[in-house]
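Student: Handing you this structure, nothing more for now.
All of the numbers you see were taken from the coordinates with simple rules; none came from a lab. The structure presented is a predicted model; accordingly, all values stated were derived computationally and were not measured. Heads up, the Cβs are rebuilt from the backbone with ideal geometry, glycines too, and the neighbour counts pull from every protein chain shown.
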Amino acid sequence: MGKAISHGNYDQAIQEALEKLDRNKDKPRKQDFIVLLEDAYYKAMQEDLQRINTLKKDSNPEYFKTIYEMYLDLDDRQLAIKRVLPLKINGKDFKLEFKDYASEIVDYRYKTSEYLLALGKSQLSSDNKYDAREAYDQFSYVEAINPNFKDTRALLQEAHLKGTDFVMVYIENQTKQIIPKQLETDVLNFDTYGLDAFWTTYHGYIDQNLSYDYDVVMRLKAISLSPERVHEKQKLNEKNIIDGWEYKKDRNGSILLDSLGNKMKIDKIINAKARYFEVSQYKSVEVIADVVFSKLGSNKPVDSFKLNSTFIFENFYAWVRGDERALSLQERELTRNRAVPFPSDQQMVFDTGEDLKLQLKNILSAYTLN
């Protein structure tokens, strides 16, 4: 703590002293912390007030914010110390000089607000989006210290609109194949993506009231559909199973008796046979695309990514001729399935939509426009 003071870290020393005095502050061993607290407090206050006076003499409005925040620090430091009062040192009340900074805080809050508002308006007059974003920061600070000051809230909206990158995303079909309209609608439904960042907004439709900064094109390059395949295989199953019971007999065919004279019974084992037929239905589609980023006003793409999506339709079913008990559990399950109609080509392409959306979302999420 004393080391912090000697190095000019007065607020650190004050914080450490307050932590020590938070409990059992009246114990004799806490006296040294009170002395250190007093020393650090006056040195910190003197240093801050000297710095404030120097900044005031400069008459530079850029220092208004610094002066305002230094007055807040002076006031906060006093409040932190007041929370541990009263304190006693050598049996006497410990007193510190506290000042009322309320007038200075109000004065420089308004000076800061006026200056930052004017600065933000100047930045907002630029056509540069980064200037608009800096203006937004100025207005945000004013709104935080002086809520609803003049036209701050309207200026915040204007700066946000002007500083936002609006991105138009659309699909370009270069495959010479018809794609389902619903696929395009679903892929471009950005309400389900959760993509928008504070300074970036994606649209899958054109808003005539906006000027777009970038476009992102998903260029469908190829759609490859496999033929509908049906494959059948068969096999003969044999299994020894228990099929009831029978009397146990000796070699001569006589029924055996147990020690009590009862006829002995044993499991009846038979060889169950069944011919098992299994059918698989298969159809697949692969969609290959590029995702191309372009800055509007420039004819050159700024970046591009490959995208590949595959959807597979599969169905398995089976039937049996003979004794079902010869089948395995998995084979029995398949006999409960039935053949189903193959999806149409358009339905297959549409079914790639969820994967296309996920891949497009990952690309857009990872890409930094600026």
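Student: Counting other C-beta atoms within 10 Å, which of Arg219, Arg275 has the fewest, and how do the rest follow?
Tutor: If I rank by nearby Cβ atoms, fewest first, I get Arg275, Arg219.
Student: What net charge do the residues around Leu327 carry, taking every other residue with its C-beta under 15 Å from that of Leu327, with Lys and Arg at +1 and Asp and Glu at -1?
Tutor: +3
Student: So, in Å, what gap is there between the alpha-carbon centers of segment 46-65 and segment 306-361?
Tutor: Cα centroid to Cα centroid, the span is 75 Å.
Student: Show the residues, 5+ positions off or on another chain, whose built amide H is closer than 5 Å to the amide H of Ser284.
Tutor: Amide H neighbours of Ser284: Ser226, Phe313.
Student: For helix 10-21, report the angle its Cα long axis makes with the longest principal axis of the Cα atoms of the chain; keep it between 0 and 90° and round to the nearest 10°.
Tutor: Computed tilt is about 70 degrees.
Student: Quick one: net charge of Asp355's neighbours, Cβ under 12 Å, K/R +1, D/E -1?
Tutor: -2
Student: Going by C-beta contacts inside 10 Å, put Ile288, Ile14 in order with the fewest on the left.
Tutor: With the fewest neighbours first, Ile288, Ile14 line up as Ile288, Ile14.
Student: Ordered by residue, what ³J(HN,Hα) values in Hz, to whole numbers, does segment 79-86 give under the Karplus form 6.51 cos²θ - 1.76 cosθ + 1.60, where θ = phi - 60° and Gly and Pro are x?
Tutor: 4, 4, 6, 4, 5, 9, 6, x
Student: With θ taken as phi - 60° and the coefficients 6.51, -1.76 and 1.60, list the Karplus ³J(HN,Hα) couplings across segment 50-57 in order, rounded to whole Hz; mark glycine and proline as x.
Tutor: Once rounded to whole Hz, the list reads 5, 5, 4, 4, 4, 5, 5, 5.
Student: Here's something else I'd like to know. Rounded if a/c is under 1.5, else prolate if a/b is larger than b/c, else oblate: which is the chain, with a ≥ b ≥ c the root eigenvalues of its Cα gyration tensor?
Tutor: Oblate, because a/c is 1.5 or more while a/b does not exceed b/c.
Student: Report, to the nearest 10°, how far helix 353-366 tilts away from the longest principal axis of the Cα atoms in the chain, using its own Cα long axis and a range of 0 to 90°.
Tutor: Tilt relative to the chain: about 30 degrees.
Student: Quick one: net charge around Ser259, please, counting Lys, Arg +1 and Asp, Glu -1 for every other residue with C-beta under 15 Å from its C-beta.
Tutor: Residues close to Ser259 contribute a combined charge of +2.
Student: Using θ = phi - 60° and the Karplus relation 6.51 cos²θ - 1.76 cosθ + 1.60, list the HN-Hα couplings for segment 217-225 in order, rounded to whole Hz, with x at every Gly or Pro.
Tutor: Values, residue by residue: 10, 8, 8, 6, 8, 7, 10, 10, 10 Hz.
Student: Here's a follow-up. What shape does segment 128-267 have by the C-alpha gyration tensor, where a ≥ b ≥ c are the square roots of the eigenvalues, rounded means a/c under 1.5, and otherwise prolate means a/b greater than b/c and oblate the rest?
Tutor: It is oblate, given that a/c is not under 1.5 and a/b is not larger than b/c.
Student: Continuing with the same structure: Using Cβ contacts closer than 10 Å as the measure, can you line up Val142, Val169, Val291 from fewest to most?
Tutor: Val291, Val169, Val142
Student: List the residues, sorted by chain then number, that are 5 or more residues from Lys248 or on another chain and whose placed amide H is less than 5 Å from its amide H.
Tutor: Amide H neighbours of Lys248: Leu256, Met264, Lys265, Ile266.
Student: What pairs in Lys65/Lys88; Lys181/Lys283; Lys233/Lys357; Lys20/Lys99; Lys56/Lys162 have C-alpha atoms more than 28 Å from each other?
Tutor: Going by Cα-Cα distance, Lys65/Lys88; Lys233/Lys357; Lys56/Lys162 fall outside the 28 Å limit.
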